[in-house]
Amino acid sequence: MKKFKLDWLVLPLIGIGVVLLLWQISAATWAKELPSPLKTWQVSRPYLAEPFAKRGEMDQGILRFSWYSLILVAKGYALALLIGTPIGFLLGLSKTFAKIFDPIIQILRPVSPLAWLPLGLVLFVGAGRQASELGALFTIAVCSMWPTVLNTSVGVRAIPQDYLNVAKVLKLSRRKTLFKVLIPATLPYMFTGFRLSLGIAWLVIVAAEMLTGRPGVGGFLWQEYNALIYEHIILCIITIGVIGFILDRLMSVVERRFKTA
Amino acid sequence: MSEYLVIDQLTKIYPTPKGPAVIVRDFNLRIKQGEFVCLIGHSGCGKSTVLSMVAGLSDVTAGGIILAGKELVGPGPDRGVVFQSPCLLPWMTALENVLLGVDQVFYTARPEERLQIAEYYLSVVGLSEAMLKRPAELSQGMRQRVGIARAFALAPKMLLLDEPFGMLDSLTRMELQQVLIELWRKDKKTALMVTHDVDEALFLADRIVCMTNGPEAEVGAILEVAFPRPRERKAVLEHPEYYRLRAHLITFLEEHAHKKSPPAQPGAGSHPAPPTLTPAPNVIPQRPVALLTPR
C-alpha cells in the first residue's frame with residue numbers, strides 16, 4: 001500500500017466516516033427509532049460539555065459516571081489479580097494441582113457475567129446495602145481473573161530450564177527462587193494476562209451496573225433505555241469503547257516495558 | 001589429597017516406553033585435587049550426563065560420587081557450574097547475577113564484602129567496565145565471562161564446565177580459555193570440563209578422559225597431558241608431543257564414530273583414520289599466531 005503524509009490520521013477518519021454514514025442511512029430508512037448522529041450529538045452535549053456535573057443520582061456528567069465505573073472496576077480487577085496470580089503460579093508449578101483444578105477452571109471460564117451476578121447478589125445478601133457492590137465486585141473478579149490465571153500458569157511452565165538450574169545449583173531458598181527467578185521470569189506472561197483481564201473487567205462492569213442499577217456508565221445506559229432517551233445509549237456505548245481502548249493502550253505500554261526486561 | 005573427586009561405577013538409565021535406555025554404564029574416574037580433567041567424546045555420548053550427575057542436576061541411577069570425602073547428594077554451590085549457554089538471569093545486571101550466588105554462599109559476610117568478591121571476579125574476567133550491564137547488552141563471549149566469574153566467585157570445592165565455549169567463535173573461545181586457565185591457576189581449583197574440541201582439551205587439561213560412544217558409554221582411554229605449566233598457547237602448539245597426542249585423540253574419536261565397542265588399544269584400530277582427520281602440518285600456519293599470546 002502506498003503511504004502518504006498523515007495517513008495514520010486520514011485513514012482512521014475515513015473508517016469513522018463510513019460508519020457514521022451507515023448510521024445516518026439506517027436512522028433515515030429502516031431503523032426509525034435510531035437517533036441520527038446529529039441528534040445524538042445535540043442530546044448528548046450537556047453530558048459532554050459538563051462531564052463532571054452532578055445534577056442528580058442518575059443524571060451526571062459522562063466522565064463522572066465513568067469515574068464511578070472505573071473505581072468499581074479497579075476494585076474488582078485488583079481482587080482478580082490478587083486471587084488469580086497465586087492460582088496461576090500453583091497451576092504452573094504443580095502438575096497435581098493443575099490436574100485437580102484445570103477441569104473446573106475450564107468449566108467456569110466461559111460462564112457469562114450475566115450468570116454470575118445473580119449468584120453474587122445471593123452470596124452477599126446478608127451485607128444489606130452493600131450487597132449490590134459486593135455482588136458486582138464478585139462478578140468482575142470471577143469473570144476477569146481467568147486470563148491472569150491461565151497466562152501466569154503458562155508463563156511458569158515456560159520458564160527455561162537454564163534459570164531453574166541456576167536456582168538449583170546455587171541452592172536458592174524457596175522464597176528466593178520465587179522472588180528472584182520465578183516471578184521475574186513469568187512477568188511478561190503475567191502482564192499479558194493482566195491486560196486481557198482488564199479488558200474483561202471493563203466488559204463486565206456494564207452488565208453488573210445494568211443489573212444492579214448502580215450509578216455509572218452501565219447503569220446510566222440502562223436507565224436511559226428505560227427512559228426512552230436512545231441518544232444516551234449511543235453516548236454510553238462510545239464512552240465505554242473509548243475508555244476500554246485507552247485502558248488497553250495503557251496496559252500494553254506497561255506490558256512492553258516488562259517484555260524487554 | 002590423592003583422590004579429591006571419586007566417581008565410582010556411575011550409571012545412568014532412563015526408562016523409556018521401549019524399555020530402559022542405558023546412557024552411561026559403570027563410569028569410573030578419580031581426580032586429584034587441583035587437577036584439570038577434560039571429558040571428551042562424540043556429541044550424545046553421555047559426557048554431559050556424567051557432568052550433570054556430578055553437578056547434582058541429574059539423578060544417579062547407580063554408583064556414587066564422592067567429593068572431598070563426602071558423598072554428593074543433589075546440587076549445591078560447593079560445585080561451581082559453568083553451563084554451555086551462560087544461563088544468566090536476563091533481568092539482572094552482570095554484577096547482580098554474580099552476587100546472587102555470592103550472597104548465597106557467603107551469607108555470613110557483610111554486604112560490602114560480598115560486593116567486593118563479586119566485583120573482584122568480574123574484573124578478573126575482564127568485565128570491570130560492564131558490571132552494571134544486563135546480559136542483553138553483552139556479547140556472547142562477555143556473557144560467558146560472567147558465567148565463569150559467577151562459578152569462581154562461589155569459592156567452590158570444584159568447577160564443572162559443560163562445553164562452556166561451545167557456542168563461541170574460535171577467537172573468543174581462545175580468549176576465554178586463557179581467562180579460564182589463569183583463574184584456575186590463581187584459585188587452584190579442581191576442574192572437570194566436558195568438551196568435544198581436541199585442541200581445547202590439550203591446551204587446558206592435565207588429563208583427558210575419552211568416552212566411548214553411547215549408549216552404555218564408559219571411559220575408553222585416559223591421556224596424560226604433560227605440557228609444562230603455566231602454559232602458553234604458542235609453546236603448547238610447538239611442543240613436540242602436541243601432534244602425537246592430538247593424533248592419538250582424533251584416532252580414538254574416529255574409531256568410536258564407527259564402532260560401538262571400544263577397541264582394546266585406542267589408536268590401534270584395524271583401519272587407519274582417513275587422511276582428512278590426521279593432523280597435517282599445514283594446520284599450523286592457518287592459526288593466527290599473533291592473537292594467541294596471552295592477554
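Just so you know, all these numbers are worked out from the coordinates, no wet-lab data involved. Only a predicted model underlies this, so the values are computations on that prediction, with no experimental measurement involved. Backbone-built Cβ (ideal geometry, glycine too); neighbour counts: all protein chains shown.
Relative contact order for region A:46-260: 24 percent, from Cα pairs under 8 Å spaced at least 6 residues apart, divided by residue count. Highest mean packing first, where packing is the average number of other Cβ atoms within 10 Å per residue, the peptides B:197-204, A:92-99 line up as B:197-204, A:92-99.
Of the chymotrypsin sites (Phe, Trp or Tyr not before Pro) in region A:1-63, the ones in a loop by DSSP (not H, G, I, E or B) with at most 12 other beta carbons within 10 Å are A:PHE4, A:TRP30, A:PHE52. Over every Cα atom in region A:46-260, the radius of gyration and the widest Cα-Cα span, Dmax, amount to 20.1, 69 Å. Using the Cα centre of region B:76-218 as origin and beta-carbon charges of +1 (Lys, Arg) and -1 (Asp, Glu), tell me which of B:THR93, B:ALA191, B:PHE83 is placed farthest towards the positive end of the dipole. Final value for the positive-end residue is B:THR93.
Dividing the summed -39500 (n - 2.57) terms of all DSSP H runs of n ≥ 4 by the residue count of chain B sets its mean residue ellipticity at 222 nm at -10000 deg cm²/dmol.
What is the mean number of Cβ atoms from other protein chains located within 10 Å of the Cβ atom of each residue in peptide A:168-176, rounded to a whole number? Mind dumping the intermediate values first?
Working: counts 7, 18, 13, 9, 5, 1, 0, 0, 3.
Average neighbour count from other chains, rounded to a whole number: 6.
Here the contact order of region A:95-210, divided by its residue count and restricted to Cα pairs under 8 Å and six or more residues apart, works out to 33 percent.
Please express the shape of chain B as an equivalent ellipsoid: the semi-axes are the square roots of 5 times the eigenvalues of the C-alpha gyration tensor, given largest first in whole angstrom.
Details: eigenvalues 197, 127, 56 Å².
They are 31, 25, 17 Å, listed largest first.
Among the DSSP helices (H) of chain A, those spanning at least 24 angstrom by Cα along their long axis with an average Kyte-Doolittle hydropathy of -0.5 or more are A:7-28, A:62-93, A:131-157, A:183-212, A:230-260; this is a geometric and hydropathy rule only.
With a cut-off of 20 Å on the backbone N, the residues of region A:20-50 near the modelled label site 7 Å out from A:ASP59 along Cα-Cβ are A:40-50. Counting every other Cβ atom within 10 Å of each residue's Cβ, B:CYS87, A:CYS236 order from fewest to most as B:CYS87, A:CYS236.
Of all complete DSSP H helices in chain B, those with a Cα span along the helix axis of 15 Å or greater and a mean Kyte-Doolittle hydropathy of -0.5 or more are B:94-105, B:111-124, B:140-153, B:170-187, B:242-258. Any chance you could check the Cα centroid distance between region A:197-220 and region B:73-144 for me, in angstrom? Cα centres, region A:197-220 to region B:73-144: 50 Å. Once Rg and the Kirkwood radius are both taken over the C-alpha atoms of region B:1-94, their ratio Rg/Rh works out to 1.01. Annotation note: trypsin sites (Lys or Arg not before Pro) in region B:1-94 located in DSSP loop regions with a Cβ neighbour count of at most 15 within 10 Å are B:LYS18, B:LYS32. Shown here for region B:176-238: trypsin sites (Lys or Arg not before Pro) in loop regions (DSSP other than H, G, I, E, B) with at most 13 other Cβ atoms within 10 Å, namely B:LYS188.
In peptide B:94-106, how many Cβ atoms from other protein chains are near each Cβ within 10 Å, on average? Working shown, then result.
Details: counts 0, 0, 1, 1, 0, 0, 7, 5, 1, 4, 7, 2, 0.
For peptide B:94-106, the averaged partner shielding equals 2.
Taking the Cα centroid of region B:213-254 and of region A:131-179, what is the distance between the two, rounded to the nearest whole Å? So the separation of the two Cα centres works out to 50 Å. Peptide B:83-92 has a mean shielding of 5, counted as Cβ atoms of other protein chains within 10 Å of each residue's Cβ.
Taking only C-alpha pairs under 8 Å that are 6+ residues apart, what is the relative contact order of chain B in percent?
Values: 531 pairs, mean separation 64.7, N = 295.
Averaging sequence separation for qualifying contacts and normalising by length gives 22 percent for chain B.
Its Kirkwood hydrodynamic radius, worked out from the mean inverse distance over all distinct Cα pairs, puts the protein assembly as shown at 28.9 Å.
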